[in-house]
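The structure under discussion appears below in the form of structure tokens.
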Amino acid sequence: MRPMSIEVRNIEKRHLEGFVTTIEHAFGAEMRASDIPNFERKIDIDRMHAAFDDDQIVGTAGVFPFRFTIPGNVVDAAGVTMVGVLPSHRRRGILRSMMETQMRDAHDRDEHIAVLWASEESIYQRFGYGLASNQGHVNIERDRAAFLDDQGPIGRVRMVPADERLKVLPSIYEQIRKDTPGMYERSLTWWEVHSFYDPEHLRHGATPYFCAVVELDGEPSGYVVYRMKSRWADDTTPASVVEVHEALATSPDATREVWRYVFGIDLVQRITAYYLPADWPVFLMVPEPRRLRFSFSESLWLRIVDIEGALADRSYAAETALTFEVVDEFCPWNTGRWKLDTATARVERTEDEPDLALKVNALAGPYLGGFTFTELAAAGRVTELTPGALERADAAFHTPRKPWCPENF
Ligand SMILES: CC(C)(COP(=O)(O)OP(=O)(O)OC[C@H]1O[C@@H](n2cnc3c(N)ncnc32)[C@H](O)[C@@H]1OP(=O)(O)O)[C@@H](O)C(=O)NCCC(=O)NCCS
């Protein structure tokens, strides 16, 4: 066999078909010719890298350039996506070299963090990604779904046809997005080509997206986008499933009314939803939380690309000074001792004795407020070198709500 010469570089428009075919092979997911125009509108071709074996694409790695919410700020972030290697070329270091190219590119572009959803959790920690947030799932028995101390419905619910959704939903999303670490801005194009993209072959036997908006005091205050899968048990009993795609609301009242609508859909036996916030408030609104079958899995993985910039970008909830001893084998520019003054968000290299020692991937949890330093220390991922430093760090990195990314990308 002749030696393999692999080069990782940006793609051009003429490579799109090979790029898409490689993703199909890597994920075993079908993409149809009719999806290609949508795909082209979604990507920024300058941010798509491929591994070439001569002129054949054998690996892919893309980035969506996000405006991404972190505590107290909105920053540029690399939204890593479409990472795949052909089965014929696996385990020869192609992913590793694509990750190196991508990380250098993000660093050169002054993106201080990168985020992704992982198809397999085992892949990314070696590249410095750490767990930043969890997602909740539910599988609700509809006949047990009710509200505690229920005063009855308020406001009104309106079905929103497909051609009206882009006029109504983005402003609701925006109100939540700007204050929720883990969410990113959606352009109108993104809503069309990603959030609402709804070709028949992606429905798996369910309806197209339906959408209902809750109005409180005449203002659109929450929405749910969902599909229904029609089923009959024993040919006689209605047993349909509602699959919630996205449910967002701007207040506790709006949250309750959005879910009241969902709980009330007739002929439905079960309601499923993924991508819910880890601190989903409905869990505390119902008399029988266990019946929601609320469970967790991990959601966003985050990489600190530039520690100095990333720590300076966020806001802090308490004033203190902390020195971190950080190890980062993949991005060595982050390795060393860093002093953070949380009162001014000033970050500098230092020779001071460290308060906390950790690998760079352990910073992902506290960075968005998903996990505390104390939780990471309990897992052996952070070492406290100055007594009391964990408590001070937790107070400074505290956020009132958990981070939330309601959408896979
Ligand atoms: C995951 C995938 C991209 C790996 O590509 P690859 O070129 O074979 O990976 P590399 O040879 O560069 O391996 C780099 C490291 O990752 C590890 N690794 C690779 N794939 C892995 C997997 N699926 N699970 C756990 N570890 C994995 C390798 O063991 C290697 O570890 P090391 O550096 O510590 O020795 C490829 O198998 C693939 O396309 N899988 C299906 C699609 C997918 O899951 N993509 C990820 C999307 S989020």
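For the chain, averaging the sequence separation of C-alpha pairs within contact (under 8 Å, six or more residues apart) and dividing by the residue count gives a relative contact order of 19 percent. Per-residue ellipticity at 222 nm for the chain, helices alone: DSSP H runs ≥ 4 residues times -39500 (n - 2.57), over residue total, nearest 500 deg cm²/dmol? So the helix-based figure for the chain works out to -6000 deg cm²/dmol. The distance linking region 292-364 with region 226-283 is 38 Å (Cα centroid to Cα centroid, whole angstrom). Checking the cross-link pairs Lys167/Lys229; Lys178/Lys339; Lys339/Lys402; Lys42/Lys178; Lys13/Lys229 against a 32 Å limit on the alpha carbon distance flags Lys13/Lys229 as lying beyond it. In the elastic network of the chain, a GNM with C-alpha springs shorter than 10 Å, the most mobile of Ile140, Ile11, Ile36 is Ile36.
Put a dot 7 Å past the Cα of Arg231, heading toward its Cβ, do the same for Ile154, and the two dots end up 3.5 nm apart. Net charge dipole, region 135-297: roughly 340 debye, given to the nearest 20, about the Cα centre with Cβ charges of +1 for Lys and Arg and -1 for Asp and Glu. Placing a label point 7 Å from the Cα of Thr350 along the Cα-to-Cβ direction, the residues of region 316-331 whose backbone N falls under 11 Å of that point are 320-325. If you run the Gaussian network model on the chain, springs between alpha carbon atoms under 10 Å, then out of Ala310, Ala247, Ala206 the most flexible one is Ala206.
Here the chain is assigned +1 on the Cβ of each Lys and Arg and -1 on the Cβ of each Asp and Glu. Its dipole about the Cα centre then comes out at about 760 debye.
Among Arg337, Arg47, sorting on how many other beta-carbon atoms sit within 10 Å of each Cβ, with the fewest leading, yields Arg337, Arg47.
Given axes a ≥ b ≥ c from the Cα gyration tensor, I'd like to know whether region 70-146 is rounded (a/c under 1.5), prolate (a/b larger than b/c) or oblate. In terms of gyration-tensor shape, oblate. Can you tell which of Leu248, Leu390, Leu148 shows the greatest fluctuation in a Gaussian network model of the chain with Cα springs below 10 Å? Among Leu248, Leu390, Leu148, the largest GNM mean-square fluctuation belongs to Leu148. Each label point was placed 7 Å from the Cα along the Cα-to-Cβ direction; for Ser5 and His201 their separation is 3.6 nm. Loop-located trypsin sites (Lys or Arg not before Pro) in region 197-255 (DSSP state other than H, G, I, E, B) with a sparse environment of at most 16 neighbouring Cβ atoms within 10 Å: Arg203, Arg231.
Shown here for region 104-150: GluC sites (Glu not before Pro) in loop regions (DSSP other than H, G, I, E, B) with at most 15 other Cβ atoms within 10 Å, namely Glu120, Glu121. Rounded, prolate or oblate: which fits the chain when a ≥ b ≥ c are the square roots of the eigenvalues of the alpha-carbon gyration tensor, with rounded for a/c under 1.5 and prolate only if a/b beats b/c? Note, shape of the chain comes out oblate.
Values in this text are rule-based calculations from the coordinates and carry no lab data. Please read these numbers as outputs of a predicted model, since none were measured by experiment. Every residue, glycine as well, gets a Cβ built from its backbone with ideal geometry; the counts of neighbours run over all protein chains shown.
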